[in-house]
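Asker: Here you go, one structure.
The values are calculated or read from the model by the stated rules, or taken from the named source; none is laboratory data. Here the structure is a predicted model, which means the values were calculated and not measured. As a convention, Cβ positions derive from the backbone with ideal geometry for all residues, glycine included, and neighbour counts pool all protein chains shown. These area figures cover heavy atoms from the full protein model, side chains too; ligands, DNA and RNA do not enter into them. Shrake-Rupley method; radii C 1.70, N 1.55, O 1.52, S 1.80 Å.
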Amino acid sequence: MKTEPVPFDKFAKIGIYPKDLMRMPKDLRDAILSGELSPLMRVNVPVGDNSAVSIPMKIQLAHDKDGRLQLLTYQIHRELDNNLKLNDTELERVRKGDVIQKEFQEDGKRKMRYVQLDKDTNALMYRDVATVNFEEKLQEVDKIKDIGLGIGQKEALASGKPVELEVGDQKVTVGIDLREPVGFKVMQGDMEEWKRQQAIRYDDANEGYMGYVQTDENRWEYKQVVDRLRHEESVQLTEREKTDKKEDKKRGLSL
């Protein structure tokens, strides 16, 4: 994605302007611009009238089915945010770390999407199935490009299930992973290693939710992003800000 124009207008909506991108640590900036899911970040989101609300989230650049670049944002939640209205069976599967395929209605059209839970934020990630061409991606990987997939393996991959392959004397596991730039992951190791990595939680490995914070001076510092017991406060603060703005507008109209 580095060869494409940076969508500064989309970054600006969450309070990240060109100068803020340039001030980011290079490894963080490069990861975001290449389409990787960012680590936790606390960004200053504009809410109007030159004010902003500091919100912890992850961000990711991804293409839609028409090839247009989108900026996806995943705010942190105390409990799983079921904004996609998954049923109980689907919720149980994503909680276990599975990637599921689900049909959605949008603008009167049916769309098949992959859905995956980001356990760091408790947000549901999704990507149009049409944007993840796993067969093409496999052919780009030198160590497995000569391996042919059987019908059953292709069906499993297409449905969101990982597949374990024998490559010489090594095991390689491949599957849909929406945290990756192309929505697809190739990992050295067997299925158990895949499950172990998919189950890792950010807060288990990094006590205190360490990540990048956009300070008042628009600098980026690596420190505690959000206290465990204050997840909901940022969400509540955002809602209060919206309510206050609406009330201010009403009062302004009545004057």
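Asker: Somewhere in the range 103-124, is a residue buried (at least 19 other Cβ atoms within 10 Å of the Cβ), free of Cβ contacts under 8 Å to residues at least 24 places away in the same chain, touching a strand residue (DSSP E or B) at 6+ places or on another chain (Cβ under 9 Å) and not hydroxyl-bearing (S, T, Y)?
Answerer: For the range 103-124, residues buried (at least 19 other Cβ atoms within 10 Å of the Cβ), free of Cβ contacts under 8 Å to residues at least 24 places away in the same chain, touching a strand residue (DSSP E or B) at 6+ places or on another chain (Cβ under 9 Å) and not hydroxyl-bearing (S, T, Y): present.
Asker: Give, as residue ranges, the strands (runs of 3 or more DSSP E) completely inside the range 57-119 that count at least 1 residues that are in contact with a helix residue (DSSP H, G or I) (Cβ under 7 Å, 6 or more places away or on another chain) and of a type in the set (K, R).
Answerer: 100-106, 109-118
Asker: Where residues in the range 177-192 are outside any strand (DSSP E or B) and open to solvent by 50 Å² or more (accessible area, probe 1.4 Å), which of them is nearest to Y74 (Cα to Cα)?
Answerer: R179
Asker: Being in contact (Cβ under 8 Å) with a residue 12 or more places away in the chain, open to solvent by less than 50 Å² (accessible area, probe 1.4 Å) and under 23 Å from K185 (Cβ atoms) is the filter here, so list the residues in the range 77-96 that pass it.
Answerer: Listed by number, the residues that qualify are L80, L84, L86, E90, V94.
Asker: Only one residue in G108, G148, G160, G168 is within 28 Å of G211 (Cβ to Cβ) and not hydroxyl-bearing (S, T, Y). Which one?
Answerer: So the residue among G108, G148, G160, G168 that is within 28 Å of G211 (Cβ to Cβ) and not hydroxyl-bearing (S, T, Y) is G160.
Asker: Among the residues of the range 37-56, what is the count of those that are under 16 Å from the mean Cα position of the chain (by Cα) and surrounded by fewer than 17 Cβ atoms within 10 Å (Cβ to Cβ)?
Answerer: 0
Asker: OK, next. Within the range 227-236, identify whether any single residue is open to solvent by 60 Å² or more (accessible area, probe 1.4 Å) and at pLDDT 55 or above, and answer yes or no.
Answerer: yes
Asker: Only residues that are open to solvent by 30 Å² or more (accessible area, probe 1.4 Å), in a loop (DSSP other than H, G, I, E, B) and of a type outside the set (D, E, K, R): list them for the range 1-36, please.
Answerer: M1, T3, P5, V6, Y17, P25, S34
Asker: Could you list, in sequence order, the residues of the range 70-85 that are more than 20 Å from G183 (Cα to Cα) and at pLDDT 90 or above?
Answerer: L80, D81, N82, N83, K85
Asker: Name the residues in the range 146-176 that are charged (D, E, K, R) and either in a strand (DSSP E or B) or surrounded by 10 or more Cβ atoms within 10 Å (Cβ to Cβ) (or both), would you?
Answerer: Matches in the range 146-176: K154, E155, K161, E164, E166, K171.
Asker: Is it the case, given these coordinates, that K119 is under 23 Å from S159 (Cβ atoms) and over 17 Å from the mean Cα position of the chain (by Cα)?
Answerer: no
Asker: May I pose another question? With the structure loaded, tell me whether V99 is farther than 25 Å from A130 by Cα, touching a residue at least 12 places away in the same chain (Cβ under 8 Å) and not assigned by the TED database to the domain that holds E155 or whether it fails that test.
Answerer: Against the criterion (farther than 25 Å from A130 by Cα, touching a residue at least 12 places away in the same chain (Cβ under 8 Å) and not assigned by the TED database to the domain that holds E155), V99 does not qualify.
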